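The values are calculated or read from the model by the stated rules, or taken from the named source; none is laboratory data. Note that the structure is predicted; figures quoted are calculated from it, not measured. As a convention, Cβ positions derive from the backbone with ideal geometry for all residues, glycine included, and neighbour counts pool all protein chains shown. With ligands, DNA and RNA removed, areas are computed over all heavy atoms of the protein, side chains included. Shrake-Rupley method; radii C 1.70, N 1.55, O 1.52, S 1.80 Å.
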Amino acid sequence: MQRMQEMQERIQNSLRDAVLNYDVDAATKAAQEAVEVGVDPVKAIEDGLAKGMKIVGDRFGAGDAFLTELMVAAEAMKQAMVVLKPAISKSAKKLKEPLGKVVIGTVEGDIHDIGKNLVGTMLTVAGFEVIDLGADVPTEKFIEKTREIRPDILGMSALLTTTMGKMGEVIRTLEKEGLRGDVKVLVGGAPVSQEWAREIGADGYATEALEAVEVARENLTKAVSH
């Protein structure tokens, strides 16, 4: 038991350090080892990759890291997630029924997807069925998928102040198309705030992946109670 815990901590540290050192190969190898020895993939993400990415993000915000370094760190995390995701999906399949359906995507004009990917993964782990539309998603596609899938939750992400307005555009279009009452809208991303969420008429806001899961659960409960 103790040996397994020590191994888990070592692998988590390797994943964190791979992201901190902008080492894509090391991140992939550490993720493969995590799967091989049966390390909890959620812990590997939360206490390994996500911790490393947060430090790199803080470095970038403080001017101590370049954009190219941020991008390589993101790629390291992304490739490790590719390895870990099947293990997450396998554990998620043990649940009989999904808690609810979530359509998620980064708004039009914005190609950033690190945070959105992490939120999608954590929602899957929590038992939601997640339909990820990717990045740079046009308003029409959000509307089309909402009409087609009838999700319980629509999640939108933006990392640029110049693309934040698209969130409001999607909500207004949902209202215009008569779809707004059927779906809870959650928003997030670096420039997004609780005030902004309120201003555009979103149902919830989260600053990071674990909080997003809690907000999704809360909104699902509200939807059921109504």
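Computed across the range 125-196, the Kirkwood hydrodynamic radius from all distinct Cα-Cα pairs reaches 12.8 Å. Cα centroids of the range 57-77 and the range 128-157: how far apart, whole angstrom? If you average the Cα positions of each part, the centres end up 28 Å apart. Think of the chain as having a plus end and a minus end, set by charges on the Cβ of Lys, Arg, Asp and Glu; of 183, 27, 155, 183 sits farthest toward the positive end of this dipole.
The alpha-carbon positions of the range 8-135 define a convex hull whose volume is 96 Å³ per residue. Note on the range 86-226: Cα-Cα pairs beyond 17 Å make up 55% of the total pair count. Treating r as the C-beta distance of residue 111 and residue 6 and R0 as 41 Å, the FRET efficiency rounds to 0.55. One chain, two ends: residue 214 and residue 82. Fully extended at 0.36 nm per residue, the span grows by 45.1 nm beyond their Cα-Cα distance.
Relative to the 2.2 N^0.38 Å rule of thumb, the range 172-226 has a C-alpha radius of gyration ratio of 1.15. Rounded to 0.05, the FRET efficiency of the residue 173 and residue 64 pair, given R0 = 41 Å and the Cβ-Cβ distance, is 0.55.
Of the Cα atoms belonging to the range 13-53, the radius of gyration and Dmax stand at 9.0, 25 Å.
Taking label points 7 Å from Cα along the Cα-to-Cβ direction, residue 207 and residue 43 give a separation of 2.6 nm.
Counting only protein heavy atoms, what percent of the accessible surface of the chain is carbon or sulfur at a 1.4 Å probe? C and S atoms contribute 52 percent here.
Per residue, the solvent-accessible area of the range 71-171 (1.4 Å probe, heavy atoms of protein chains only, all protein chains present) comes to 46 Å².
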